[in-house]
1. Counting Lys +1, Arg +1, Asp -1, Glu -1, what net charge surrounds LEU407 among other residues with beta carbon under 15 Å of its beta carbon?
2. For the Cα atoms of the chain, what angle does the longest principal axis make with the long axis of helix 78-89, in degrees from 0 to 90, nearest 10?
3. Take every Cα pair under 8 Å in the chain that's 6+ residues apart, average their separations, divide by the length, and report that relative contact order as a whole percent.
4. Taking R0 as 35 Å, what FRET efficiency do you get between ASP109 and ALA408 from their Cβ-Cβ distance, rounded to the nearest 0.05?
5. So, in Å, what gap is there between the alpha-carbon centers of segment 276-336 and segment 32-85?
6. Can you tell me which lysines have their Cα less than 24 Å from the Cα of LYS431? Leave out same-chain residues fewer than eight positions away.
7. Report, to the nearest 10°, how far helix 361-372 tilts away from the longest principal axis of the Cα atoms in the chain, using its own Cα long axis and a range of 0 to 90°.
8. Helix 147-156: angle to the longest alpha-carbon principal axis of the chain, degrees 0 to 90, nearest 10?
Amino acid sequence: MSTAVAVFTRDLRVRDHPALAAACEAEHVVPLFVLDDVFVRGPDVCANRLRFLIDALEDLDASLRERGGALVVRRGRWVDEVARVVGDSGADVVHCSDDVSGYAKARLDRLRTVGARQGFGVVAHPGITVVPPGALLTGSGTTYQMFTPFYRRWITATWRRPVPAPKRCPLPAAIDLGSVPALATLTKVAPSPELPAGGERAGLARMRTWTATALGDYGEAHDDVAADMTSHASAYLHLGCVSPLEVATRLRDRAGGAAFVRQVCWRDFFHQLLAARPELARRDLRPSGKASGTEDEAFAAWCAGQTGFPLVDAGMRQLQREGFIHNRVRMVVASFLTKDLDVPWQIGARHFMRLLVDGDVANNQLNWQWAAGTGTDANPHRVFNPIRQSERFDPEGDYIRRYVRELADVDAPMIHDPPDLERSRRGYPLKLVDHAEAIAQYRARRNASASNRP
Ligand SMILES: Cc1cc2nc3c(=O)[nH]c(=O)nc-3n(C[C@H](O)[C@H](O)[C@H](O)COP(=O)(O)OP(=O)(O)OC[C@H]3O[C@@H](n4cnc5c(N)ncnc54)[C@H](O)[C@@H]3O)c2cc1C
């Protein structure tokens, strides 16, 4: 009797899941999720992502039960727990999805070593991205570092066909299922008050509604920050509740689909880059001199949404309330921290990872590098003027009013940069820096660092 273990990581779905489909070819399947201690220890645990994860695990368990199975849950050291379940169930193979971070790769390598010793195989499958990282290389055989040429290859490449959900996932007899933990047992930090529900059902429902109501206008409206017209698919894509391949395949030829699928390509682009260069989670792709800022009062004001720049503050308060920020505003707040306040991108990226429900090492760290000018931006010295951005992408000020209550009764255009008297009347802070002066200093630092380079 053959038994296979399907280890779920951040691929928490039954549709288009090549690893699960392969495991279901055995007579018995153990669908396993190990809550890796590494992700629930230490100061950077993200209650928002844990809340979403728990929803997703419960939903996955329900889908597996409909197929004659159930989710087996363990907690501890990932490799040890997977190996133990293989031993207890008498399985001879582990199927899982290939991932890109340095940690995920090292963890899988260790499992392969243990498997070779204990006599079980480990097979890694695609599923985390549309096109597997490393499948597309430049003409000279290197990893793409520029988005546009990557996109041209990616959109014309042959994609694999989505895999149907398995009909049956029969469990072996007498396996201890364990249980999905309660959030309070994992962290004392309360999640943000307005989080979406996690899970494949919630993700598919979100995509269905959004496709019917907003996809057609995506190309025109995705930068309208008040309209909030983007898909909010990011957390579902991060934990694999929806398949990026299935989403991209279904939507690419629909009205509005091309612009949307181009954004999904950014995700693949950053994933292939991190897979090839895992150190980019910490180090600059293009070093440009060391920023001098630290986690000081200015950084605290940025985190709290108290910089005196209404669009920046609205974004940072959206992050606290929803564990989410609109993409345009993420670019503005990241540019402000790294260029106006001269704080290293790593500090901002860490704060985002503590709160973002879609926090994702590849997307977060490499977008931070893009905004800081150390990454893949073809124009790395680009600066976002927070007041101009506000006037352009939130012209009526509705996004600001939604999150910055002190300015709720201020009209546009004044809301983008209220006079000092109006600020103090409403208890809203003065501007932390003079943007023009801060950027002049940023340019002087950049020029000095360029001329010091050999
Ligand atoms: C400083 C900074 C940090 C970021 N951190 C993250 C992060 O931790 N996790 C994350 O998923 N995205 C991150 N992004 C990218 C982007 O902001 C979010 O993916 C997007 O806002 C999610 O909203 P949505 O699903 O409604 O996007 P949509 O506009 O509907 O886009 C659809 C999907 O495309 C992908 N996508 C869109 N824009 C980007 C992008 N610039 N880079 C990579 N993928 C993209 C996402 O998977 C997204 O869900 C970051 C961007 C910046 C500037």
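1. Charge balance near LEU407 sits at -3.
2. Tilt relative to the chain: about 20 degrees.
3. 18
4. Details: r = 53 Å, r/R0 = 1.52.
After rounding to 0.05, the efficiency reads 0.05.
5. If you average the Cα positions of each part, the centres end up 30 Å apart.
6. Cross-link targets: LYS339.
7. Roughly 20 degrees between the two axes.
8. So the inclination is approximately 40 degrees.
The values are calculated or read from the model by the stated rules, or taken from the named source; none is laboratory data. Small disclaimer: the values here were computed from a predicted structure and weren't measured. Methodologically, a virtual Cβ is constructed for each residue, glycine included, from the backbone with ideal geometry; neighbour enumeration extends over all protein chains shown. Heavy atoms of the whole protein, side chains included, go into the accessibility calculation; ligands, DNA and RNA do not. Shrake-Rupley method; radii C 1.70, N 1.55, O 1.52, S 1.80 Å.
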